[in-house]
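Structure record follows, encoded as structure tokens.
Read the figures in this text as sums done on the coordinates, not as results from a lab. Since this is a predicted model, take the numbers as computed values, not measurements. Don't worry about glycine lacking a Cβ; one is built from the backbone with ideal geometry, like all the others, and counts go over all protein chains shown.
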Amino acid sequence: MCGIAGQLLTSRRAELSDVRAMCDQIRHRGPDDEGFHVDGGCAIGMRRLSIIDLSTGHQPISNEDGSVWVVFNGEIYNYQGLRQELIRQGHRFKTNSDTETLIHLYEEEGVAGLSKLRGMFAYAIWDARDRSLLLARDRFGKKPLYYAALPEGLFFGSELKCLRIAGVPFDIDAEALKLYLQFSYIPEPWSPYRAIRKLPPASWMRYRADGRVEQGCYWRLPEPAAEAPAGWDQSTAARQVRDVFDESVRLRMIADVPLGAFLSGGLDSSSIVASMALQSKEPVKTFSIGFEEASYNELPYARVVAQRYRTDHHEILVKPASLDLITRMVQSCDEPFGDEACIPTYIVSQFAVEKVKVVLTGDGGDELFGGYESFFAIENMAWADRIPQFARAGLSRLADMLPYSAYGKNFLRAISRPNGLERYFEMNSAPYFLRKRLLEPEWMLPADGAWLTQALSACLLSHRPDLLGQALYFEATAKLTGDMLVKVDRMSMANSLEVRCPLLDHELAELAARIPHAWKLAGGSGKLILIQALGDRLPPELLNRKKMGFSFPLSIWFRGELRSFLVDHLTSQGFRDRHIASAEFVQVLLDEHQSERRDNSHWLYMLLMLELWFRENERLSASPGLREASCQAR
């Protein structure tokens with residue numbers, strides 16, 4: 001695991017000092033080593049967290065004649081098989097690392113070789129033969145990669161910090177911030193800055209020294225099946241899920257450093273720990289966090305699993321977050337990011353890294369196997385599809401007339417939407433009734449959802465009539481990449497910890513997509529096929545418990561230790577002067593939350609993170625980047 005950065009300039013030579021400065025910004029992603037390669041206008045570099053081939057895996061790595069070079073962030077789990085195949089084809093290896101496999105696979109197959117990789121990755125390959133730079137990213141976007149294609153050349157990096165120090169323009173993209181205010185994160189390919197984009201998952205981009213750009217996509221998640229393929233029954237599917245799941249876990253246990261697992265006590269993380277224990281000769285190291293507030297504390301469930309599999313178990317009881325930790329969230333994410341689960345993810349990563357350098361985690365199970373409660377709500381509201389369009393229009397007008405106090409979730413507005421996709425957005429992002437009162441008009445996305453449908457077309461199945469299939473696909477492509485995996489990557493790498501996600505193995509994901517909805521969720525319960533496949537390994541109390549998610553008592557903290565910090569920022573003159581949110585309605589949200597009439601902690605956290613990001617952005621913008629510093633020196 002590493003952090004990478006670099007540039008390909010079209011009209012001048014690149015400088016080693018520039019790429020070194022870019023990599024210095026991401027030292028936390030790779031504290032063990034660094035390396036650079038400069039060739040004319042190209043400079044690539046990396047910071048390394050040593051996991052595999054500790055002695056000879058130094059990057060950048062080249063081919064035999066030094067004409068092709070790579071910097072790589074991630075892990076390739078099937079590299080050993082690929083390596084043997086490439087050796088048979090005549091390639092000579094000088095290391096035992098997975099990184100070198102990328103070079104020889106590129107020589108042999110070009111971008112077509114990407115489809116053979118099983119892992120998580122973001123990498124850059126400099127090909128001196130045709131003076132081109134290739135960027136590539138894994139199928140689900142587990143590893144980040146930002147880029148800016150400017151008149152003077154291409155700049156890229158694992159984090160926005162790399163591009164800022166390189167002097168890339170950081171003018172704010174208002175359209176991206178509108179998406180943040182809708183979803184609490186900025187979806188791919190947007191970034192908060194107009195000049196910078198994220199390379200989409202399962203994509204590649206080739207930038208040539210003359211400024212020409214090529215882009216492509218090498219994989220797409222299969223559409224969720226509404227019905228089972230002919231000749232396939234539920235028992236067979238469960239056996240296949242079990243086999244591919246265990247293989248995925250085994251592949252992710254390959255490491256030359258201490259390895260463990262996050263254990264929340266939920267189905268996904270517990271299944272992973274069980275599989276690890278059954279395939280390991282040594283006790284698995286497990287890490288759990290709990291809270292003083294009993295309703296948020298899952299430690300008893302985690303202990304049951306730890307005891308059953310005799311893991312080397314470690315627990316920490318978390319007290320209210322410090323102000324320093326809250327501000328650290330902004331610095332680690334680089335962009336507005338309103339998922340409050342960042343806080344416990346950061347804490348458990350900080351806790352685990354004291355004992356291990358790699359952990360396995362249960363991310364992806366809800367998206368691929370139907371675990372979210374929102375999926376159950378979709379099933380329960382299927383009847384709304386039968387409401388005539390003229391009746392929906394009347395319901396929409398009626399919904400808009402109701403006062404804010406009449407709403408919990410705006411059920412009436414949800415059923416009035418003209419199609420199921422817009423209803424889904426209404427139910428599972430910031431509701432229109434809330435945004436309409438909270439945001440100034442210029443910060444509102446169109447009410448009909450058409451703009452979102454166009455902007456997120458790569459994550460939607462416009463031809464699919466069933467909303468559940470749409471929702472499963474959206475959660476597994478947009479939210480998983482833009483929210484869940486960002487949270488895991490930024491918080492773990494801020495602590496120099498590698499996180500691996502067995503449930504997001506692409507072969508397991510493709511299998512999950514073939515499984516029909518009815519085998520995944522029914523009667524208000526989800527992940528049924530996963531329980532059928534793995535449930536015999538888990539204590540009964542885990543299978544019968546109510547789903548909690550990775551929740552923590554932020555709502556209580558916002559009424560207690562963090563209240564002054566929250567109020568000071570959201571009622572400050574600086575926040576008001578941004579003219580994004582209505583000061584009067586922000587006060588309503590604060591008052592409602594303090595009186596416990598409503599739990600507004602999610603919306604308040606989203607606004608707090610936005611204000612903290614603005615302040616951090618203004619602070620950093622006052623510091624010169626490489627180009628400004630160079631001009632000042634001259």
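Taking 0.36 nm per residue of sequence separation and removing the Cα-Cα distance, the D324/K355 pair yields an extension gain of 8.8 nm. Around the Cα centre of the chain, unit charges on the Cβ atoms of Lys, Arg, Asp and Glu (plus for the first two, minus for the last two) sum to a dipole of about 260 debye. Take the Cα of Q307, step 7 Å toward its Cβ, do the same at R397, and the gap between the two points is 6.3 nm. Straightening the chain between M444 and N78 buys 127.2 nm, computed as 0.36 nm per residue apart minus the Cα-Cα spacing. So which aspartates and glutamates pass the test for K116, namely a Cα distance under 19 Å, with those fewer than 8 places away in the same chain ruled out? Filter leaves E75, E85, D98, E100, E107, E108, D138, E247, D505, E507, E510.
Each label point was placed 7 Å from the Cα along the Cα-to-Cβ direction; for D577 and H463 their separation is 5.3 nm.
Among the trypsin sites (Lys or Arg not before Pro) within the stretch 285-365, which fall in a DSSP loop and have no more than 11 other Cβ atoms within 10 Å of their own Cβ? Before the final figure, lay out the partial values.
Values: sites: K285, R303, R308, R310, R328, K355, K357; in loops: R310, K355, K357.
Listed in order of number, the matching sites are R310.
Beta bridges assigned by DSSP with both partners in the chain are antiparallel in approximately 75 percent of cases.
In the stretch 40-122, which trypsin sites (Lys or Arg not before Pro) are in a loop and have at most 13 other Cβ atoms within 10 Å, using DSSP for the loop call? Please report the intermediate quantities before stating the final value.
Working: sites: R47, R48, R83, R88, R92, K94, K116, R118; in loops: R92, K94, R118.
Those that pass, being in a loop and sparsely packed, are R92, K94.
Sites counted here are GluC sites (Glu not before Pro) in a DSSP loop (not H, G, I, E or B) having no more than 11 other Cβ atoms within 10 Å; the longest part of the chain that contains none of them is 355-595. For E596, put the label point 7 Å out on the Cα→Cβ axis and report which residues of the stretch 558-586 keep their amide N under 19 Å from it. The answer is 558-564. In the chain, taking the dipole from charged Cβ atoms about the Cα centre, the farthest positive-side position among G535, L504, A306 is held by G535.
What's the Kirkwood radius of the stretch 434-530 in Å, using all Cα pairs? Write out the running numbers ahead of the final one.
On the way: mean 1/r = 0.0610 Å⁻¹.
After inverting the mean inverse Cα-Cα distance, the result is 16.4 Å.
Beta bridges from DSSP with both residues in the stretch 2-219: antiparallel share about 100 percent, rounded to the nearest 5.
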